[in-house]
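This report refers to the structure that appears directly beneath it.
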Amino acid sequence: MSTLADPRCPLCKGAGHIFEDSDSIVPIAGRTCDCVLRKVRSERITEHLTGAELPERYRDASFDHFSLIAAGEVMVKDKERGTLIRRRQADIDRENLDRARGLAGKALRDETIVFTGPFGVGKTYLACALLIAQIRGHDKSGLYITSYDYIRTLMPDAAPASEQQAQRAKARRVDILLLDDLGVEKGSPFAMRELWDLLHERTA
């Protein structure tokens, strides 16, 4: 009996595999049962969610719980005319929510997505919801980190060289990197070089 199999599974009855020929005793003649594949995928997704290192306040972020700002207006640039126009914040929020939902419906590969806007309009929440949706829906690995924390970890003598290399490697290796608050970090030559190297390697 497989430790990954569901003992209540009516197909494999806890064996973890299904034989094409019920009289066969050679496992290779069969296939892995769906109950095992579901368990493996579930465990992998749990590992991805843990490995993403999402802040506690965003670990349950979802599109269904995104709060639309009901009041207020802002001035935004009209892309076609190049002039500023007044728009309701709630309308902008709804459009951004719809865009994020659309992105979540497909497996992201080489896309670079930028969330812009003033403080407190939900950029980080939507980005985290998108990352979680990619992990759960498309089995992607990911990492959340602020640009400030990324640079701070890599500062000389901030951490052992092995930890710094591991941080660099993970930020480059994951399927989806959520780099929050880009531009908030101090723009030193060291910071610019590290961020450039990271972004260049991920987009090259």
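Return the total of residues in the range 94-144 being open to solvent by 50 Å² or more (accessible area, probe 1.4 Å) and touching a Gly at 6+ places or on another chain (Cβ under 7 Å).
Final tally of qualifying residues: 1.
Which pairs do you get when a residue that is more than 15 Å from Leu130 (Cβ to Cβ), found in the range 51-68, comes within reach of a residue that is assigned to a loop (DSSP other than H, G, I, E, B) and at pLDDT 95 or above, reach meaning Cβ atoms under 7 angstrom, with the pair 6+ apart or on two chains?
Taking only residues 6 or more apart or on different chains, the pairs are Gly51/Ser141.
Report those helices (runs of 4 or more DSSP H) wholly inside the range 85-184 carrying at least 3 residues which are β-branched (Val, Ile, Thr) and under 12 Å from the mean Cα position of the chain (by Cα). Lay out the reasoning, then the answer.
On the way: elements: 89-104, 123-138, 147-154, 161-173.
Helices (runs of 4 or more DSSP H) meeting the threshold: 123-138.
Taking the condition of being touching an Asp or Glu at 6+ places or on another chain (Cβ under 8 Å), loosely packed, with under 15 Cβ neighbours inside 10 Å and at pLDDT 95 or above, how many residues in the range 145-204 meet it?
The qualifying residues number 1.
Does Leu84 satisfy the criteria of being among the aliphatic types (A, V, I, L, M) and either open to solvent by less than 20 Å² (accessible area, probe 1.4 Å) or at positive phi (or both)?
No; evaluated as a whole, the condition is false for this residue.
Would you point out which residue out of Asp149, Asp110, Asp91 is farther than 25 Å from Leu49 by Cβ and charged (D, E, K, R)?
It is Asp91.
Condition first: closer than 23 Å to Thr46 by Cβ and either in contact with a strand residue (DSSP E or B) (Cβ under 8 Å, 6 or more places away or on another chain) or among the polar types (S, T, N, Q) (or both). Can you find one or more residues in the range 95-118 that meet it?
Scanning the range 95-118 turns up at least one residue that is closer than 23 Å to Thr46 by Cβ and either in contact with a strand residue (DSSP E or B) (Cβ under 8 Å, 6 or more places away or on another chain) or among the polar types (S, T, N, Q) (or both).
The values are calculated or read from the model by the stated rules, or taken from the named source; none is laboratory data. Note that this is a predicted model, so its numbers are computed, not measured. Glycine also receives a Cβ, built like all others from the backbone with ideal geometry; neighbour counts cover every protein chain displayed. Note: accessible area is taken over every heavy atom of the protein model, side chains too, but ligands, DNA and RNA are not part of it. Shrake-Rupley method; radii C 1.70, N 1.55, O 1.52, S 1.80 Å.
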